[in-house]
Structure formats: structure tokens, C-alpha cells
Amino acid sequence: MSIFDELLPLTEEELGNYWFKSSRSDGLVITLAVSIYECKVAISIYSSSEVAIASVHFKSCAEVNVLDGKRKCLEILHGNGKGRCFISLMGDTILEYSE
């Protein structure tokens, strides 16, 4: 996931578990954890004081797609086709979920 700043040491490629982190100039830190084999995704947004502002967990994820690499936008699609999560690492609205 080239839109994130770093791949975290929690990553276990042989198990299909990946942890990504992106830090913003306003002090917010966004992490994305993806479990390929379990089809799970977790997104957490932290303030500079390491207090979680938001944390969202998705089960039965069908796809994670980079929509715009320059603007650092991606989407997560639910396996049943009803849910979509949009993430913008640089935008004012970081996380948006719709069904």
C-alpha cells in the first residue's frame, strides 16, 4: 500500500497480516491493519497524544482498492456488496462509511 508512510513491524507476511501507518502534519496518525486470509480490516485514527479518536473493524471484506495514489484515497468493500468504507489520508473527512 504505497499511500501509507510505513509498513509497521507488526506485519506478518507469511500469515497475510499487514499493518500500515500514515502520519499527518496536524498530528493525526492513521493505521490500517489487513488480514488477507481472514478477510478482516481495521482502521484506527489517533491524535498526537496517542488517544484513539476512531476505530473501525470490518469482517468479510471483499476488496481493498487504492482509488487515488496522489490524494491517498482508498476504499474497502464488504463481501456482501452492501457496505463501502472510503478513506482519505489527506482530506478533512478521513473515514466515511455507507451501505
Checklist entry - Considering only DSSP states other than H, G, I, E and B, which chymotrypsin sites (Phe, Trp or Tyr not before Pro) in the range 1-73 qualify as loop sites with at most 16 other Cβ atoms within 10 Å? => result Tyr37
Checklist entry - Going by how many other beta carbons lie within 10 Å of each one, how would you line up Asp26, Asp5, fewest first? => result Asp26, Asp5
Checklist entry - Do any trypsin sites (Lys or Arg not before Pro) in the range 2-99 lie in a loop, going by DSSP, with at most 14 other beta-carbon atoms within 10 Å of their beta carbon, and if so which? => result Lys59, Lys70, Arg71, Lys82
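Can you give me the relative contact order of the range 6-98 as a percent, contacts being Cα pairs under 8 Å and 6 or more apart? Numbers along the way, then the final one.
Numbers: 187 pairs, mean separation 14.0, N = 93.
Worked out over the range 6-98, it gives 15 percent.
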Checklist entry - Using the Karplus equation 6.51 cos²θ - 1.76 cosθ + 1.60 (θ = phi - 60°), what ³J(HN,Hα) coupling, rounded to whole Hz, does each residue of the range 12-25 give in order, writing x for Gly and Pro? => result 10, 4, 5, 9, x, 10, 10, 10, 10, 9, 9, 10, 9, 5
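FYI, it's all coordinate maths here, none of it is from the lab. From a predicted model like this one, the values you see are computed outputs, not experimental measurements. Counting neighbours? That spans all protein chains shown, and the Cβs are built from the backbone with ideal geometry, glycine included.
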